[in-house]
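Input: a single structure, listed below in structure tokens.
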């Protein structure tokens, strides 16, 4: 187990965390995870997360000479990695992803044997007042980055907001032949918005239940779970999580490197009224399909990025899916989000063809395929990080 502070570019710094299975680097700016890496089937180390070629390394997009190329958007300048998105996507306001977080404390937990860091950010913007306190943790013998974020509403009324977690996965982990799986049982695809130059391969606006038989934009159906490589298309897909799943999850398997990435989180689980259950998953399938800057060198140029973004949370579906689209935090109140990100090498080649179900075991999640499985050792009820957070957040107040 190891944890330490490291310098990055200019004034940008990060925290390095590792155990015997994974390595993690979390940048202070936006509290973005830049690396989640593990050894693959041939002994090399693969970072599952995408860091696109255009990702800025300066103090911010406002001070970058290529401001217009980035369209002045911090979300492009900070693109890549995995991160929390709160309380909206409106960059005119203070957001969790476009703000420098303060590292309050970090260290070892004697009880669990894990390493942890506590970071914090505040917004004092009128009508957008909140505080985020985030604990990240690694446990020995577990290929999981655990995240807990406490959200305090400091406004003078109830706070209606969006909240999501995104992981942009990229090459070499994302490649032709990989496939993804999820607990969602109802999906809808959306067309590119007015700022995006792209072509869809999925038919937008049509609800469907089987990701392996998704409606194609060209007629018929296609297996959208299969990652085909560069098709020159970009699709944004959202899904509801079925009520029978107390744990929500999404996974990507790379059969060549025999690696599995998974995010998991409470969906219909009773962890207390302050812990958020997330109703939706989302996926952005950019198979070299974004032809606008900075994804391409100029608007309409050849796309330069192949990535697959896996997310979950409270996102706007514009009425296309069932259930609430907004998270409401009462005035003076707080909510807690918890999640885990997995990256693990597996040994059974049969599991490269995917799995049919996810089951809970003894301190493990089990991806099952008839008589074969991938067992992921993990604390899926988040009891360890919740106990630690109660202690260190109380000490920090």
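Bear in mind that the values in this text are calculations on the coordinates, not laboratory data. Treat the numbers as computed from the prediction; the structure is a model and nothing was measured. As a convention, Cβ positions derive from the backbone with ideal geometry for all residues, glycine included, and neighbour counts pool all protein chains shown.
Structure values in brief
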| quantity | calculated |
| --- | --- |
| Euclidean distance between Cα centres, the range 331-375 to the range 184-214, Å | 25 Å |
| Cα-based radius of gyration of the range 128-239 once divided by 2.2 N^0.38 Å, which approximates compact folds | 1.40 |
| Top of 180, 208, 278 by mean-square fluctuation, Gaussian network on the chain, Cα under 10 Å | 208 |
| Listed residues 134, 23, 206, most fluctuating in the chain (Gaussian network, C-alpha, under 10 Å) | 206 |
| Cα-based Kirkwood hydrodynamic radius, the range 199-338, one decimal, Å | 17.0 Å |
| The range 87-131 versus the range 27-85: alpha-carbon centroid distance in Å | 17 Å |
| Descending semi-axes in Å of the chain, equivalent ellipsoid built from Cα gyration tensor | 28, 26, 22 |
| For the range 228-304, Kirkwood radius (reciprocal of mean inverse C-alpha pair distance, Å) | 15.1 Å |
| Principal semi-axes in Å for the range 1-98 [√(5λ), Cα gyration tensor, largest first] | 27, 14, 13 |
| Order of 150, 73, 157 - criterion: other Cβ atoms within 10 Å of each residue's Cβ, fewest first | 157, 73, 150 |
| Calculated [θ] (222 nm, deg cm²/dmol) that DSSP helices of n ≥ 4 give over the chain, each run adding -39,500 (n - 2.57) | -1500 deg cm²/dmol |
| Most mobile of 295, 69, 101 in a GNM of the chain (Cα contacts under 10 Å) | 69 |
